[in-house]
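These notes are about the structure you will find just below.
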Amino acid sequence: MAACVGGIIGLGILRTPGEIAKVVSDPWLYVAWWLGGGVFVLLSLLFVGELMSITPKSGGAYSLISRAYGRFPSFVIGWIDWVSYSATMALKAVVAAEYLAILLPTLSPYSTVLALVITSAFAILQLVGTRVSAGIQETASAGIGLVIAMLACALFYGAYTGAGLADITASSGSIAAIGITAYGLVAASIIFTYDGWFVASYFCGEVKSGGRAVVMGSIQGFLVVMALYMLLNIALVFSVPLTSIGGNDLAMAKALELLFGSGAETVLVVAAIFILLAHQNLNYMMTSRVIYALSQDGLGSQKATIVADNGAPIGGVILSWVLVCVLIAIGSFEFLLNLTVSLLLIAYVALVLGVFRLRRSEPNTERPFVAWGYPYTGVICAVGWTAVAILISLGSLSSTLFGLAAIIVAIPVFLMLRKWRHLDGQPVA
């Protein structure tokens, strides 16, 4: 639950409302979009949960896809996953340093050094042991949930004392001029704000109570996030006109400023720093397990398979830390993040189709959690994720082309690894 809550809630919920409000200015329609996006992602979790429950191996998308498709697809997704999460950590460490500099301007000249210190501190915490990192995540996720709930309460209070329903109603009515493509991007933006729904699969092999517990914890965690998102967005539409925040990069900060005056955005800066720091902990937990799983199967460095007596994947943590520090130093993480978007969306489609595939290839395998609504929900999810992938690809054609180039380059690399390490192409149990 802690991994799911902490993995989903990020800066997206603080800024995505501004992007959505550019297209959807009617309060009730705006809330309906958020509800629909949450239901779709929940359906994906209820369906892919079957694959998670029968894959008792840490590693996230890599382990799930290797179970269903074999080594090469999982090799591509695994390495992309590791690099993209490392790039995410580098970016979030830099942004956290920049936000700290807003609160303490004297730190501004040292933002790169501060980012390196932040990420190094969380890497060291990982080496202390899995109980410590898990405890940090539980506390951080509870704190993140509390932050979102407090923001919602502040907006409701502002609505009660300031902006009323008349202002909100008057702000609607510009929807007819918006094209179908814009609505598609609205759907994609909301779904991405709910992204992180299968984060618990990165720790499947370490949950003693089994695969069903992983899935049930994920479902419970997602429902908590969905409730918080709905509460926050309902508070938003009741507090300020949506047109007043449309296109704003930090919509929640703008809403607080409108309600309580200048200086209120400082609250959002503090909240953002807390979320960014919490993500450093979770992302280290995830990246270290991806490279560990890859290396265990002969597709990475054997050094990444070193595990301490306290359960910490030392090799994976150190290798991830090195990559994050390099990316912070050279500042190339934004390109890597754009590169991986289309490939990760392909992975989501593959996860859904993987349930169908294993139903045919492993009909007698015990399934601690059975896909809800099979096969109809699977068809809905596959079509939905494919549509989102197409929309994102059309919006960022260069990233899509680079993603395809990465797959092409991966082919000879995989063939060499398979030859050197005598690997077959079968699914990895």
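The values are calculated or read from the model by the stated rules, or taken from the named source; none is laboratory data. Every value quoted in this text rests on a predicted model; they were computed, and no experiment measured them. A quick note on method: Cβ atoms are made from the backbone with ideal geometry, for glycine too, and the neighbour counts reach across all protein chains shown.
Assorted remarks:
- Matching entry among Leu258, Leu250, Leu277 (being over 24 Å from Ala93 (Cβ atoms), in contact (Cβ under 8 Å) with a residue 40 or more places away in the chain and not β-branched (Val, Ile, Thr)): Leu258
- Any hit, segment 19-30, residues being in contact (Cβ under 8 Å) with a residue 40 or more places away in the chain, surrounded by 21 or more Cβ atoms within 10 Å (Cβ to Cβ) and closer than 21 Å to Ile380 by Cβ: no
- Selection status of Ala312, assigned to a helix (DSSP H, G or I), at pLDDT below 90 and surrounded by 18 or more Cβ atoms within 10 Å (Cβ to Cβ): no
- When segment 245-266 is filtered for residues that are small (Gly, Ala, Ser) and at pLDDT 80 or above, the ones remaining, listed by number, are Gly246, Gly247, Ala251, Ala253, Ala255.
- All positions within segment 233-242 that are part of a helix (DSSP H, G or I) and either β-branched (Val, Ile, Thr) or closer than 15 Å to Trp34 by Cβ (or both): Asn233, Ile234, Ala235, Leu236, Val237, Phe238, Leu242
- Of the residues making up segment 88-147, those that are within 14 Å of Cys325 (Cβ to Cβ) and of a type in the set (Gly, Ala, Ser) are Ala90, Ala93, Ala97, Ala115, Ser120, Ala121, Ala123.
- Answer residue from segment 89-109, given it is among the hydrophobic types (A, V, I, L, M, F, W, C) and free of Cβ contacts under 8 Å to residues at least 24 places away in the same chain and is surrounded by the fewest Cβ atoms within 10 Å (Cβ to Cβ) among those: Leu104
- Scanning segment 258-268 for residues that are surrounded by 15 or more Cβ atoms within 10 Å (Cβ to Cβ) and either over 18 Å from Gly246 (Cα atoms) or in contact with an Asp or Glu (Cβ under 7 Å, 6 or more places away or on another chain) (or both) returns Phe260, Ala264, Glu265, Val267.
- From the list Asp249, Asp297, the lone residue that is among the charged types (D, E, K, R), touching a helix residue (DSSP H, G or I) at 6+ places or on another chain (Cβ under 9 Å) and under 29 Å from Tyr62 (Cβ atoms) is Asp297.
- For segment 57-78, taking the residues that are of a type in the set (A, V, I, L, M, F, W, C) and crowded, with 21+ Cβ neighbours inside 10 Å, the one that is farthest from Tyr292 (Cα to Cα) is identified as Ala68.
- Any hit, segment 334-348, residues being assigned to a helix (DSSP H, G or I) and more than 21 Å from the chain's Cα centre (by Cα): no
- Verdict on Gly221 being of a type in the set (Gly, Ala, Ser), touching a Pro at 6+ places or on another chain (Cβ under 7 Å) and part of a helix (DSSP H, G or I): no
- Residue within segment 32-49 that is at pLDDT below 90 and surrounded by fewer than 21 Cβ atoms within 10 Å (Cβ to Cβ) present: no
- For segment 40-65, the set of residues classified as farther than 19 Å from Leu345 by Cβ and polar (S, T, N, Q) consists of Ser53, Thr55, Ser58, listed by residue number.
- Test: residue in segment 225-232 that is part of a helix (DSSP H, G or I), free of Cβ contacts under 8 Å to residues at least 40 places away in the same chain, aliphatic (A, V, I, L, M) and surrounded by fewer than 20 Cβ atoms within 10 Å (Cβ to Cβ): yes
- Top-ranked residue of segment 363-394 - restricted to ones that are assigned to a helix (DSSP H, G or I), touching a residue at least 24 places away in the same chain (Cβ under 8 Å) and among the aliphatic types (A, V, I, L, M), ranked as surrounded by the fewest Cβ atoms within 10 Å (Cβ to Cβ): Ala387
- Scope segment 269-289; condition touching an Asp or Glu at 6+ places or on another chain (Cβ under 9 Å) and not hydroxyl-bearing (Ser, Thr, Tyr); matching residues: Met286, Arg289
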